[in-house]
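Student: Below is the structure I would like to discuss, written out as structure tokens.
Every number in this text was worked out from the coordinates using simple rules, so none of it is lab data. Since the structure is predicted, the reported quantities are computational estimates derived from the model, not experimental observations.
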Amino acid sequence: MRLQLVTACAAVAGAACALLAEGWGAWALSGVLPFTAGGFIYLGTVSVIPEILRNSGPLQALGQLGALLAGVAMMLLIAHYE
């Protein structure tokens, strides 16, 4: 329960920081976007991949790993074309 409270407070703090950085232009985008994308990639590689490999067969694990890499590729495309 305490961990959920900490997570919720961090989400509110992140939303507040994003709203405050809205008018800062390119600096906010170039500083926040890599940090956010890195967080998603870190969570995906550290917590999701071991679960995939532990709970599924090789073919299913390969498909799920491919989906994870496709998600990373989509983040790169969005960052490039935005």
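Student: Using each residue's phi in region 48-57, evaluate 6.51 cos²θ - 1.76 cosθ + 1.60 at θ = phi - 60° and report the 3J(HN,Hα) Karplus result to the nearest Hz, with x for Gly and Pro.
Tutor: Karplus values, whole Hz, x for Gly and Pro: 8, 4, x, 5, 4, 5, 7, 10, 9, x.
Student: For E51 and A10 in the same chain, what is the full-extension length gain: residue separation times 0.36 nm, less their Cα-Cα distance, in nm?
Tutor: Values: separation 41, 0.36 × 41 = 14.76 nm, distance 2.51 nm.
Stretched fully, the E51-A10 segment lengthens by 12.3 nm.
Student: Helix 58-81 sits at what angle to the longest principal axis of the chain, using alpha carbons and giving 0 to 90 degrees rounded to 10?
Tutor: The angle comes out at about 20 degrees.
Student: Could you give the angle, 0 to 90 degrees to the nearest 10, between helix 26-43's Cα long axis and the longest principal axis of the Cα atoms of the chain?
Tutor: Rounded to the nearest ten degrees, it is 30.
Student: Once the principal axes of the Cα atoms of the chain are found, what is the range along each, listed largest first in whole angstroms?
Tutor: Extents along the principal axes, in whole Å: 48, 40, 11.
Student: So what is the 222 nm mean residue ellipticity for the chain from helices alone, if each DSSP H run of at least 4 adds -39500 (n - 2.57) and you divide by all residues, rounding to the nearest 500 deg cm²/dmol?
Tutor: Numbers: 4 runs with 68 residues, N = 82.
Dividing the helical sum by the residues of the chain leaves -28000 deg cm²/dmol.
Student: Still on this structure, I have one more. Can you tell me the 0 to 90 degree angle between the C-alpha axis of helix 2-20 and the longest principal axis of the chain, rounded to 10?
Tutor: Value to nearest ten degrees: 50.
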